[in-house]
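One structure is given below, encoded as structure tokens.
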Amino acid sequence: MANRSYLYVVDEVPGQPGTTQVRALSEWNWDVPILHRVLLTGSPRLCPSTIWDPPVPAIIGYYDTGVAHLERYFAALPQTDQVRANTAAALAVLRDPSRRGRYLLLETAEIVALTLDDDSEGSEREAALADAFTMELAEVGDIDGWLRQAATIRPEDLDSATGAGQWPAVLYYGPHPQVPPAGPEAYAPPGPPPSAPSQTPYVMPPVPYGVPPTGAAAWGFGFLALIPFPVLGSIMTGLVMLLVGRSQRQHGPPVATVGRNAANWGLTYVVVSSLLWTGHFVLLYQLTKDGPSSDFYPIGIPLTIWAGFTLLHLIICGVGVSRAKKGQAFEPPSLPFLGTQRSS
């Protein structure tokens, strides 16, 4: 083993259908650096490794959220000349469009293997491996914990926190072929990359993988409008979209935006539906108070508009689910109850 922590960029969650194209970002000898862990604070989850055979896991998190958290962390560090130089180098790489992607992928199997007791065997070793990967995910933690630590960081940990300017374009070990960044290889190390090691890490028992949240559920609950109780279904749809949409805030800015847009649309659907149903009952009362009417129109005009609006609602929810699964925040015209993407 090379005994390194590897950080890659991917646009798909490993293990899902399709090819996962992996791009190198950073590596660190003999440890998982603080920098890697802070970058993974964008809704971190376990996922299948792209290097090691199943069921060895990696950690995945949102790229943009991780970079935004790292910028806050860098600002909280002691601002020495070396720290400023290292953080500027790190942000130059992370903001480079050729290196950016949807997810950051952290491969820690080599480091985890170092923590194990060489004398353990069988089920004892399997349990130790599972515990070690669970602890590694816990070490990533959340950005608030890292911000509290930043101001009192030890001087000897500053290189680990800032990356020390080490941003190779091709890492020592990874899926082959590794995809280098497009354009000039400004960050490539001198000389050819070393050959990949022939050894593989220990195989660990199955781990419950998690897929980073997308916010699609907030849009998916819009299909409650198909409940065959029109008034109740309309109100329930909007309220559930509001509750589920607001709950997406815990997953960071990209997913929170998806949830907010879905909540805004859900409330808009409730308001418009309520006005149309009220209009229907007003017309029904006014036009039938002197006796029943055999004509559907004009009494049925609000109901016809509501049916068309509900069809539009279902189409918008379908588009919202599809866009969310691709990591895109769909924002249809709606009443800005919770703010908008442009105002946030």
Multiplying the sequence separation of L232 and T304 by 0.36 nm and subtracting their Cα-Cα distance, what value in nm do you get? 24.2 nm
Net lengthening on full extension, F223/L335 (0.36 nm per residue, minus Cα-Cα): 38.4 nm
Using the C-alpha atoms of the range 42-120, what convex hull volume per residue, in cubic angstrom, is computed? 136 Å³
Take the Cα atoms of the range 236-332, build their convex hull, and give its volume per residue in Å³. 80 Å³
Which of the peptides 260-268, 328-336 is most tightly packed, and how do the rest follow, going by the mean number of other Cβ atoms within 10 Å of each residue? 260-268, 328-336
Would you calculate the separation in nanometres between label points at A151 and D11, each defined as 7 Å from the Cα along the Cα-to-beta-carbon direction? 4.2 nm
Going out from 0 in 10 Å bins, what whole percent of all Cα-Cα distances in the range 230-277 drops into each bin? 31, 45, 20, 4
Under a crude label model (7 Å from the Cα following the beta-carbon direction), how far is E139 from S98 in nanometres? 3.2 nm
Which FRET efficiency value, to the nearest 0.05, do you get for E71 and D290 by plugging their Cβ-Cβ distance into 1/(1 + (r/R0)^6) with R0 = 45 Å? 0.05
I need the trypsin sites (Lys or Arg not before Pro) found in the range 1-91, filtered to DSSP loop residues with at most 14 other beta carbons within 10 Å of theirs. none
Largest-first ordering by accessible area, 1.4 Å probe, given options Y285, Y63: Y285, Y63
How many nm separate the modelled label positions at Q250 and W30, each set 7 Å beyond the Cα in the direction of the Cβ? 3.9 nm
Once you list every other residue whose beta carbon is under 13 Å from the beta carbon of G245, what net charge do they have if Lys and Arg are +1 and Asp and Glu are -1? +2
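The values are calculated or read from the model by the stated rules, or taken from the named source; none is laboratory data. None of the values given here were measured: they were computed from a predicted structure. Here the Cβ is made from the backbone with ideal geometry for all residues, glycine too, and neighbour counts use every protein chain on show. Side chains are part of the model used for accessible areas, which takes the heavy atoms of the whole protein and leaves out ligands, DNA and RNA. Shrake-Rupley method; radii C 1.70, N 1.55, O 1.52, S 1.80 Å.
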